[in-house]
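In what follows, a structure is listed as C-alpha cells, so that the remarks can point back to it.
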Amino acid sequence: MIHRQQVKKQRILLIVLLSLIIITAFVSAGIGYSTLSFNRLLPTFLGQGTFKEEFVLFSVRLPRIIITILAGMALALSGSILQSITRNDLADPGIIGINSGAGAAVSIFFLFMPIQPGSFVYLLPIVAFVGALITAFFIYILSYNREVGLQPVRLVLVGVGFSMALSGLMIVFISSADRQKVDFIANWMVGNIWGADWPFILALLPWLIILFPFTLYKANKLNLLNLNEPVAIGLGVAIEKERIILLLTAVALAASAVSVTGGIAFIGLMAPHIAKSLVGPRHQLFIPISILIGGWLLLFADTIGRNVVEPNGIPAGVVVALIGAPYFMYLLMKK
Amino acid sequence: MVRLYTDDLSIGYGEQLIIKDLSVQIPNQKITTIIGPNGCGKSTLLKAITRIISHQSGAVVLDGKNVAKENTKILAKKMAILPQTPESASGLTVGELVSYGRFPYQTGFGRLSKKDYEVIDWALQMTNTSSFKYLPVDSLSGGQRQRVWIAMALAQETEIIFLDEPTTYLDMAHQLEVLELLQQLNKEEKRTIVMVLHDLNQAARFADYIVALKAGHIVKAGSCEEVITKEVLRGVFNIDAEIGIDPRTGKPMCISYDLFKGEK
C-alpha cells in the first residue's frame, strides 16, 4: 500500500543525488594542490593527457574520489541498519566501537610491529577490520542477556563506554611513541583518507556489492525490527537471529570503510536520518537514498578538506564532524 | 475441539514466578477476556501464549503443537497480536503500516502481491480507516490509531487475534467503537479473540468466556454469569460488588462496589 507519489519522489531524489555526486566528483577532480584544469579533465580521462595530468587524475584524484564515495556509502548503510536494530535515531557505527576498535588495533599494530613501508600499508585495513570486529564482539557479549537476548539500549551504552575506554588506551600507547608514528596515528583517528589507491577500492567494493543487495533483501525485517519488538515477534520475525545477522552486516560495512578512511563519525548518523525525513521510514525507500547521501557527504567533506588549507588540507573526518556535530545537536534539541 | 490451550504454564525468572502451573483452554471462535487486578500477570499470560516472552515450564499448545518449538512464521499465520499501546515509526503511513501485516506471507524481497493489496484494502475497510491510507500514523488520534493497528493485525489473516488492553487511553465512545469492531470480527468473520481488559463491565458485555486471574493463578474461568458474581469479584479484586443486570444487553454488570473490609 505504497503511495505512488512517494515512490516517484524517491526516484527523483535518486536522480538528483546521483547528479550531485557526479558534479561534485567532477569539481573534486579539477581542484587540488596540483593543477589539472577543468577543460583538460575529459581529454585526460579519455587518455589524451600528458603524463603529469594522467598521473594526477588516475593515481591521485580518481582513486581518492571513488574511495570516499564508497566509504561514505558503506558508513551510511551501516548507520541505517544500526539505527533500525537499536531503534535509536542517534545510533552510528562509532557507537558500536567500530572507530575506536579499529583505531586501537591500528595504533597497536603501528607501534609494536617492525614496519616495512611497502607491505604494511596493505595490512592496515585488515588490522583495522579485525580490531573493529573484536570490539563489536565484546560489546555484543556485554549487551547480551541470556533471558531477554540482545538489549538495544544496553548496546548503545556499552558501545559508548568501550569507545571512551579504547580512546584512553590509545592515548596511553601514543604517549610513549615517537613523533612520526604519533602523527600517522593522529591522522588516522581524525579520518584523513589515507588509503586512496586502487587496491583499497578493490578491498572495499566487494563488501558493498554483496551487502547492499543483502540489506535490501532484509528490508522487510528491518521495517519490523525498527517498529516494536512484540509486533515483530507477532508477525513472525526471528528477532534474535535477524539482529545478529544485521549487526554483523553493519560491523563489516563500517569496518571495511573505516579501515581505509580512518575514524569518520557522523556520516552513519546523518545520512539515514536525512533520508528518512525525505521519504519516510520504510527501508525499501530510504536505504538507497541514505547510501547516496552518505557517499556524497563524504566526497563533499573531503573535497573541501583537501582544498581549504594548502598543501595538506584538513582531514575529511574533521570536516564531517564540523557539519555533523551541529546536526547532532539539532537532533538532540528536537527530541 | 479446543485449538489453543496452556498446560501447567509457569512464567517468570528464577525462583520468582509470575504465573505458576496455569492451565486454561481458549474456546474457538469466541471472545475470551482475561481480567484481574494490577500485577496479577494477565498481560504476562497473554505475552507468553503469543511467544513474546518465553516461559519457564509447561507448554502453550496450538493445533496440537508446542508453540515454543513451532516455526515463528507459521505461527504468525495463525495468530496475530496487538501489544499494549504500540508505537509506530515516525512518518510511516497507515497503508505502509497495514502492509507490514502481510509479512508472514512474503518471501524474498517482499514485493506486495495482488492478493496482499486486496487483503490490505479489506482490512482498511473493515476498520473504517481507508480514508487515512496515505496519512502518517502519528498524525492520527488515539482511537483512529488503535483501529489502524487492528487493521494491521487483520491483514495478517489469522484465525486468532490477541489484544493487550485495546481500549487504554481511549475515551468512552472510542472504547466502545473498538470493542464493537472486535465483536463484529468475531460474529461475521468467526475470529477467535483473546484480550486483556481492565473494565469489568466491558468484559462482561463483550466476552463469551472470562478468565479471572489473581496473583498468577485462575480464580474462576467461565461464562460472564459464572464469573461476574459477588464471590468471584471479592476473591479477585477484594471488592464488595453489587451485581445487577444490564437493562440493554441482559448481561451481568457491576453496578457499584466498595473495598472489601472483612466479614460484616
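Residues in the stretch B:55-73 that are in contact (Cβ under 8 Å) with a residue 24 or more places away in the chain and under 16 Å from residue B:159 (Cα atoms): B:61, B:62, B:63, B:73.
Of all the residues in the stretch B:26-52, those that are buried (at least 19 other Cβ atoms within 10 Å of the Cβ) and either among the hydrophobic types (A, V, I, L, M, F, W, C) or more than 11 Å from chain A (Cβ to nearest Cβ) (or both) number 16. Scanning the stretch B:122-144 for residues that are buried (at least 17 other Cβ atoms within 10 Å of the Cβ), in contact with a Ser or Thr (Cβ under 8 Å, 6 or more places away or on another chain) and part of a helix (DSSP H, G or I) turns up B:124, B:137, B:144. Counted as qualifying within the stretch B:155-251 are the strands (runs of 3 or more DSSP E) with 1 or more residues that are among the small types (Gly, Ala, Ser) and open to solvent by less than 60 Å² (accessible area, probe 1.4 Å), namely B:209-214, B:217-222, B:239-245. Residues that are among the aromatic types (Phe, Trp, Tyr) and within 14 Å of chain B (Cβ to nearest Cβ) were ranked within the stretch A:166-218; the one that is nearest to residue A:125 (Cα to Cα) is A:212. Which residues, counting only those in the stretch A:200-213, are surrounded by 13 or more Cβ atoms within 10 Å (Cβ to Cβ) and not β-branched (Val, Ile, Thr)? Residues satisfying the conditions are A:200, A:203, A:204, A:205, A:207, A:208, A:211, A:212.
Of the residues making up the stretch B:62-73, those that are within 14 Å of another protein chain (Cβ to nearest Cβ) and open to solvent by 50 Å² or more (accessible area, probe 1.4 Å) are B:68, B:69, B:71, B:73. Taking the criterion of being over 22 Å from the mean Cα position of the chain (by Cα) and either under 22 Å from residue A:303 (Cβ atoms) or surrounded by fewer than 17 Cβ atoms within 10 Å (Cβ to Cβ) (or both), the residues of the stretch A:175-199 that qualify are A:175, A:176, A:177, A:178, A:179, A:180, A:181, A:183. Evaluated against (1) touching a residue at least 12 places away in the same chain (Cβ under 8 Å); (2) open to solvent by 10 Å² or more (accessible area, probe 1.4 Å), residue A:277 falls short on exactly one condition, (1).
Let's see how each residue does on (1) open to solvent by 30 Å² or more (accessible area, probe 1.4 Å); (2) over 30 Å from residue A:125 (Cα atoms); (3) more than 14 Å from every other protein chain (Cβ to nearest Cβ):
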site	(1), (2), (3)
A:7	yes, yes, no
A:24	no, no, yes
A:39	yes, yes, yes
A:50	yes, yes, yes
A:58	yes, no, yes
A:69	no, no, yes
A:76	no, no, yes
A:79	no, no, yes
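Filtered by the rule that a residue be open to solvent by 60 Å² or more (accessible area, probe 1.4 Å) and at the interface with another protein chain (Cβ under 8 Å from one of its Cβ atoms), the stretch B:74-120 gives B:74, B:77, B:87, B:90, B:109, B:117. Somewhere in the stretch A:255-272, is a residue in a helix (DSSP H, G or I), crowded, with 24+ Cβ neighbours inside 10 Å and within 14 Å of chain B (Cβ to nearest Cβ)? Yes, because at least one residue in the stretch A:255-272 is in a helix (DSSP H, G or I), crowded, with 24+ Cβ neighbours inside 10 Å and within 14 Å of chain B (Cβ to nearest Cβ). From the residues in the stretch A:285-313 that are at pLDDT 90 or above and over 21 Å from residue A:325 (Cβ atoms), which one is farthest from the chain's Cα centre (by Cα)? The extreme case among them is A:285. Can you spot a residue in the stretch B:11-19 that is away from chain A (no Cβ under 12 Å), open to solvent by 20 Å² or more (accessible area, probe 1.4 Å), out of contact with any helix residue (DSSP H, G or I) (no Cβ under 9 Å at 6 or more places or on another chain) and part of a loop (DSSP other than H, G, I, E, B)? The answer is yes; a qualifying residue exists.
For the stretch A:95-117, a residue qualifies if it is small (Gly, Ala, Ser) and modelled with pLDDT of 80 or more, and the qualifying residues are A:100, A:101, A:102, A:103, A:104, A:105, A:107. Among the numbered conditions (1) within 13 Å of chain A (Cβ to nearest Cβ); (2) outside any loop (DSSP other than H, G, I, E, B); (3) closer than 18 Å to residue B:211 by Cβ, the only one that residue B:59 does not meet is (1). Scanning the stretch B:118-169 for residues being among the hydrophobic types (A, V, I, L, M, F, W, C), more than 11 Å from residue B:94 (Cα to Cα) and under 14 Å from the mean Cα position of the chain (by Cα) gives a total of 7. Yes or no: residue A:231 within 14 Å of chain B (Cβ to nearest Cβ), over 24 Å from residue A:327 (Cβ atoms) and either in contact with a Leu (Cβ under 9 Å, 6 or more places away or on another chain) or touching a residue at least 60 places away in the same chain (Cβ under 8 Å) (or both)? So residue A:231 passes the test.
The values are calculated or read from the model by the stated rules, or taken from the named source; none is laboratory data. Please read all numbers here as calculations on a predicted model, not as lab measurements. Every residue, glycine as well, gets a Cβ built from its backbone with ideal geometry; the counts of neighbours run over all protein chains shown. Ligands, DNA and RNA are stripped out before the accessible areas are found, and what is left, the full protein with its side chains, is counted by its heavy atoms. Shrake-Rupley method; radii C 1.70, N 1.55, O 1.52, S 1.80 Å.
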